Structure formats: C-alpha cells, structure tokens
Amino acid sequence: MKSLRDILDAAAGGVFPPADGGTTVVSQHSPRDAGVLCFTAHSVVFTDEDPQWVYETLAAAECDVLSASMNPRFLAAFMERTGRTSETIDAMLVAAPLPGEPPLPLKEIEDAGHPRVAYARRRRDDVRVWTADGGVLTTGRGIAGRLEVSVEVDEGARHRGLGRSLVTAARHLVAEPLWAQIAPGNARSVRAFQSAGYLPVGSEILLSAR
C-alpha cells in the first residue's frame, strides 16, 4: 500500500488517486497529524484508527458519497474518536521549485516572535523564516514531511503585490515541491498563490492533538 507521502509526491507530479468515488485509508506519518485529503472523486484519510471504523462512519454520514469525508457528521465523529481538534478545511496547492535568486531581498532570521512564525512552529518541523520589507515568509515540514510555505504581509504593505512576490520567492528557496494550505474564503491569498504559479490539487483538513 502506498504511504501518505507517496500519495502527496505523486499528486505534486500530477498523478492523482483514481477518480472512482472511493476512500483510501493510510497510516499517519507522525503522531502529530491526522486528517483528510480530498482529490477529484477520491479521498484519503490518514489516521492510526481502525480503517473499518472509518469506512463504517463514512457510510453513516447520510450524504453523497463524494462528500462524505468532508461532511460535518464524519469530521465530528473523527475528532471525537481521536480527541483531536481542527480549524478549517483548506484548499491544497502545490508548486515546483524555480531556479535563480528570489525576486526580492530576503533576510533569514533564527528567531522571531511574529504570530505567523509561532503558528508555523506548532504545525511544522524544521521551520525556516525570512523577512522582507513588510512581510514574513516561512517554510517547514508539515503533513507527511512535505515542505509547506506560509506568508504574512503587514497591513500597511498590502495591495502592492508583496504577497505574490513572497510566495514566488519561496519557490526559489527550495529544491522540491512546495505546498500551501489556504482557507478558500481568503480570496486575496488564493489569488496571490495562483498568480505565483501554485496549482490547486484538492482540499484538506488537518486534525491536531489538543
């Protein structure tokens, strides 16, 4: 059976699970992260719980089979069973690395009290942080050890394309696919990532230990 990382690596290369309306259950990559990934007509539940429980609970969700893994009934049962909590369902985007230097000056820092950095360190390992005039860029290893990016732009520096420049710069700092998770309602961020070449590949919800 493929691992969660195998599935993500394949998706980053444009190869997705079969669009058969099914659900694949795989083990967690680490005790920290459990959750659900949804691709076109196929879901992946990553958990150390009994796969049979997952399938039975999905079947009891009383909704279209394609929606079951993100249905509130299933997610509430999943969190109750595992004692975990969650924040939101995110859009899942990925981009390939780019050659050359970043398009704006960046300064890597060892420590920072910025809320975005603190948030990244709760969810990711090997977090690295860069600052630019008006913004912060972080990378770190999240779900299944994939490399993830997040940015924060100061209020006074918004509406100038800095967010797009930062997420473009991130692609110049890495040597492997770079993943982003964005709340679908955050249209400004979605547009910035897409204009920087990040492609939507699905949706996800991360269940974190309390």
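Tell me, in nm to one decimal, what length is gained between Glu80 and Trp53 on full extension, where the rule is 0.36 nm per residue of separation less the Cα-Cα distance?
Working it through step by step, the gained length comes to 8.4 nm.
Chymotrypsin sites (Phe, Trp or Tyr not before Pro) within segment 1-78: which are DSSP loop residues with at most 12 other Cβ atoms inside 10 Å?
Details: sites: Phe39, Phe46, Trp53, Tyr55, Phe74, Phe78; in loops: none.
The qualifying sites: there are none.
Among bridges DSSP assigns within segment 1-99, what percent are antiparallel (round to 5)?
Antiparallel bridges make up about 50 percent of those DSSP assigns within segment 1-99.
What fraction of the DSSP beta bridges in the chain is antiparallel, stated in percent and rounded to the nearest 5?
Of the beta bridges lying entirely in the chain, close to 85 percent run antiparallel.
By the scheme Lys and Arg +1, Asp and Glu -1, what is the net charge of all other residues having a beta-carbon under 15 Å from that of Ala12?
Taking every other residue near Ala12 into account, the sum is 0.
Computed from the coordinates I sent, P(r) over Cα pairs in 10 Å bins from 0, in percent equals one of [x] 9, 35, 33, 14, 6, 3, 1, 0; [y] 8, 32, 39, 19, 2, 0; [z] 8, 34, 34, 18, 6, 0. Tell me the label.
Matching entry in [x] 9, 35, 33, 14, 6, 3, 1, 0; [y] 8, 32, 39, 19, 2, 0; [z] 8, 34, 34, 18, 6, 0: [z].
Using Cα springs under 10 Å in a Gaussian network model of the chain, which residue among Asp111, Asp33, Asp125 shows the largest mean-square fluctuation?
Looking only at Asp111, Asp33, Asp125, the biggest GNM fluctuation is shown by Asp111.
Would you work out what percent of the accessible area of the chain, with all protein chains in place, is carbon or sulfur (probe 1.4 Å)? Can you show the working numbers first?
Numbers: 5280 of 10380 Å².
Heavy-atom surface of the chain belonging to carbon and sulfur, 1.4 Å probe: 51 percent.
Under the rule of -39500 (n - 2.57) per DSSP H run of 4 or more residues, summed and divided by the residues of the chain, what mean residue ellipticity at 222 nm is obtained, to the nearest 500 deg cm²/dmol?
Estimated from H runs of four or more residues: -8000 deg cm²/dmol.
Quote the charge dipole size of the chain about the Cα centre in Debye, to the nearest 20; the model charges only the Cβ of Lys and Arg (+1) and of Asp and Glu (-1).
Using only the charged Cβ atoms, the result is roughly 480 debye.
Can you pull out the GluC sites (Glu not before Pro) in segment 87-151 whose DSSP state is coil and whose Cβ has at most 14 other Cβ atoms within 10 Å?
Those satisfying the criteria are Glu87, Glu110.
To the nearest 0.05, what FRET efficiency results for Ser27 and Ala118 with a Förster distance of 35 Å applied to their C-beta separation?
On the way: r = 29 Å, r/R0 = 0.82.
According to the calculation, E is roughly 0.75.
The values are calculated or read from the model by the stated rules, or taken from the named source; none is laboratory data. Worth saying up front: this structure is predicted, and the values here are computed from it rather than measured. Positions of Cβ are backbone-derived with ideal geometry, glycine not excepted, and every protein chain shown enters the neighbour counts. Only protein heavy atoms, including side chains, enter the accessible area calculation; ligands, DNA and RNA are left aside. Shrake-Rupley method; radii C 1.70, N 1.55, O 1.52, S 1.80 Å.
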